[in-house]
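J.: Provided herewith is a single structure, encoded as structure tokens, for subsequent inquiry.
The values are calculated or read from the model by the stated rules, or taken from the named source; none is laboratory data. Keep in mind that this is a model prediction, so the values were computed, not measured. Quick reminder, even Gly has a Cβ in these numbers, built from the backbone with ideal geometry, and neighbours come from all protein chains shown. These area figures cover heavy atoms from the full protein model, side chains too; ligands, DNA and RNA do not enter into them. Shrake-Rupley method; radii C 1.70, N 1.55, O 1.52, S 1.80 Å.
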Amino acid sequence: MWENLSLPWQAALEMAWEAYCGGTIPIGAVVADADGNVLSRGRNRIFDTSAPQGQVFDDMLAHAEINALLSLNLDQESRHDSALYTTMEPCPLCMGAFYMSSVRTLHFAARDPYAGSTNLLGTTPYLSRKPIRVVAPFNPALEIGLIAMMVETELTLRGDAIITSRFFAEWRELSFEAVDFGIALYRSGELRAKQKENLPANQVLNWLTHQVQ
């Protein structure tokens, strides 16, 4: 699977795995130019105690897309031809930041039925003015693997009680397979074992997608 991904997707997934290994929410994002060159990187850092200069951390606003956009050093016109790649559908915070960043194309690898907010586009006069292009998930196995990683992380952070929450109900409605896989990962400890082995993102993502194919 990994070998068939573009460089921006590989970079975004590397950031998601770095976030997971860092003990925070496993979401990664990058901004790339029209030729696929990665211009900036960001990951979720809401539980981190440090971050690269200019990025946010140790705060509920320290989302992957925010950090990727904060690190982007491009003038406004040049941003129009660039694209944001993120491993999870952006939340309302990140959709707003993306829209106001002057980046015009959004790619996301997995839907988020709980917080995903691409549907905000076109709902207000302001959010209807720009020619935004949204590219939805392209690889079902990758989407299931990423959702499973989110489920496993939520269980690790919050415990078994969350299984009966609205959060899990909405995720299960989207993909019961992904939720069940995430629960299995949590109970088996397999994903945490790969973290402790310091395996790179390409090996972990290949393993995850292989489990669901």
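J.: Restricting the search to the stretch 171-213, which residues are surrounded by fewer than 14 Cβ atoms within 10 Å (Cβ to Cβ), farther than 21 Å from G28 by Cβ and in contact (Cβ under 8 Å) with a residue 12 or more places away in the chain?
T.: E173, Q213
J.: Considering the stretch 126-169 alone, what residues qualify as being under 21 Å from T87 (Cβ atoms), charged (D, E, K, R) and either open to solvent by less than 20 Å² (accessible area, probe 1.4 Å) or at pLDDT 95 or above (or both)?
T.: R133, E143, E152, E154
J.: Would you confirm, using the coordinates I've provided, whether E89 is under 23 Å from V56 (Cβ atoms), charged (D, E, K, R) and either in a loop (DSSP other than H, G, I, E, B) or touching an Asp or Glu at 6+ places or on another chain (Cβ under 8 Å) (or both)?
T.: When the stated conditions are applied, E89 passes them.
J.: Which of the residues spanning the stretch 77-93 are under 11 Å from R104 (Cα atoms) and out of contact with any strand residue (DSSP E or B) (no Cβ under 6 Å at 6 or more places or on another chain)?
T.: E77, S78, R79, H80, D81
J.: Quick check, is L157 assigned to a helix (DSSP H, G or I), within 26 Å of V56 (Cβ to Cβ) and either out of contact with any Phe, Trp or Tyr (no Cβ under 7 Å at 6 or more places or on another chain) or not charged (D, E, K, R) (or both)?
T.: Yes; evaluated as a whole, the condition is true for this residue.
J.: For the condition more than 29 Å from F176 (Cα to Cα), within 17 Å of the chain's Cα centre (by Cα) and open to solvent by less than 60 Å² (accessible area, probe 1.4 Å), what is the one hit in T105, T87?
T.: When all the criteria are applied, what remains is T105.
J.: Also, I was wondering about something else. What residue, among those in the stretch 19-37 that are open to solvent by 40 Å² or more (accessible area, probe 1.4 Å) and of a type in the set (A, V, I, L, M, F, W, C), is farthest from the chain's Cα centre (by Cα)?
T.: Ranking the qualifying residues of the stretch 19-37, first place goes to A34.
J.: Quick one: count up the residues across the stretch 38-62 that are at negative phi, touching a residue at least 12 places away in the same chain (Cβ under 8 Å) and either open to solvent by 30 Å² or more (accessible area, probe 1.4 Å) or not in a loop (DSSP other than H, G, I, E, B) (or both).
T.: Number satisfying all stated conditions: 14.
J.: Of all residues in the stretch 116-152, count the ones that are more than 17 Å from R172 (Cα to Cα) and not hydroxyl-bearing (S, T, Y).
T.: The total comes to 17.
J.: Checking P113 against (1) in a helix (DSSP H, G or I); (2) open to solvent by 20 Å² or more (accessible area, probe 1.4 Å): exactly one of these is not met. Which one?
T.: P113 satisfies every listed condition except (1).
J.: Follow-up. Can you find a residue in the stretch 145-154 that is within 19 Å of H63 (Cβ to Cβ), in a helix (DSSP H, G or I) and of a type in the set (S, T, N, Q)?
T.: Scanning the stretch 145-154, I find at least one residue that is within 19 Å of H63 (Cβ to Cβ), in a helix (DSSP H, G or I) and of a type in the set (S, T, N, Q), so the answer is yes.
J.: Being of a type in the set (D, E) and either modelled with pLDDT under 95 or open to solvent by 50 Å² or more (accessible area, probe 1.4 Å) (or both) is true for just one of E65, E3. Which residue is that?
T.: E3
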